[in-house]
Amino acid sequence: MKGEYSTDFTIHHATHGELPDILALLDECELPKEGLAAHGSTTLVARNGNEIVGCSALELYEECALLRSVAVKPSYQHRGLGRRLTRAALDLAMHHKISNVYLLTETANTFFSKLGFESISRSDVPEKVQRSVEFTPLCLDTAIVMTMPLCFTA
């Protein structure tokens, strides 16, 4: 029943064996899954016990990255888990010395704005990120493009 679960989620790097559950979650949340398997080392999952209830991933492109696949199982939404998964992905980006993170969204621009992302034009996105599967046929031209600069200590 909704609300009857622990709020003590664990977030960790995804394992190869978790990929089918992650892809099923993306299907459930109606998010693209194409190309995610190629970024397994920068995919994070949230668990409640043995159940995967959320995920986020980064596609790394030298000094910039694409944040993708931020998803939370519908029955676990509105509990701060999406925010935690996004922050964990941003921490991972800083670990990799990423200077800018980009994302595409059709429905969550308000959510990402609250975390510090700003809307930009597609033409402002580096070409290497624009070649991502997410930028090609998967995301409609109407998707909002957002970015967040990161500061890290060398």
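What angle do you read, to the nearest 10 degrees and between 0 and 90, between the alpha-carbon axis of helix 19-28 and the longest principal axis of the chain?
Relative to the chain, helix 19-28 is tipped by roughly 90 degrees.
May I ask you to sort PHE9, PHE111 by Cβ crowding, counting other Cβ atoms within 10 Å and putting the fewest first?
Fewest-to-most ranking of PHE9, PHE111: PHE111, PHE9.
Farthest toward the dipole's positive end in segment 10-149, which of ILE22, ILE120, THR110, given Cβ charges of +1 (Lys, Arg) and -1 (Asp, Glu) about the Cα centre?
Result: THR110, furthest along the dipole toward the positive end.
Quick check for me: using +1 on Lys/Arg Cβ and -1 on Asp/Glu Cβ, what's the dipole size of segment 10-149 about its Cα centre, in debye to the nearest 20?
Working: 13 positive and 17 negative charges, 96 e Å.
About 460 debye.
Which whole-Hz couplings ³J(HN,Hα) result when phi for each residue of segment 38-47 is put into the Karplus expression 6.51 cos²θ - 1.76 cosθ + 1.60, θ = phi - 60°, listed in order with x for Gly and Pro?
6, 10, x, 6, 10, 9, 10, 10, 10, 10
For segment 44-122, state which GluC sites (Glu not before Pro) are in a DSSP loop and have at most 16 other beta carbons lying within 10 Å of their beta carbon.
Those satisfying the criteria are GLU62, GLU63, GLU106.
Expressed as an acute angle from 0 to 90° and rounded to the nearest 10, what is the orientation of the C-alpha long axis of helix 81-95 relative to the principal long axis of the chain?
50
Order by neighbour count: MET94, MET148, fewest other Cβ atoms within 10 Å first, most last. Write down the numbers at each step before the final one.
Values: MET94 15, MET148 18.
Ranking MET94, MET148 by Cβ neighbours within 10 Å, fewest first, gives MET94, MET148.
With unit charges on the beta carbons (Lys and Arg positive, Asp and Glu negative) and the dipole taken about the Cα centre of segment 47-154, which residue among VAL145, PRO74, CYS55 sits farthest to the positive side?
Selected residue: PRO74.
We did not get these values from a lab; they are worked out from the coordinates using the rules stated. Computed from a predicted model, the values in this text were never measured in an experiment. Quick reminder, even Gly has a Cβ in these numbers, built from the backbone with ideal geometry, and neighbours come from all protein chains shown.
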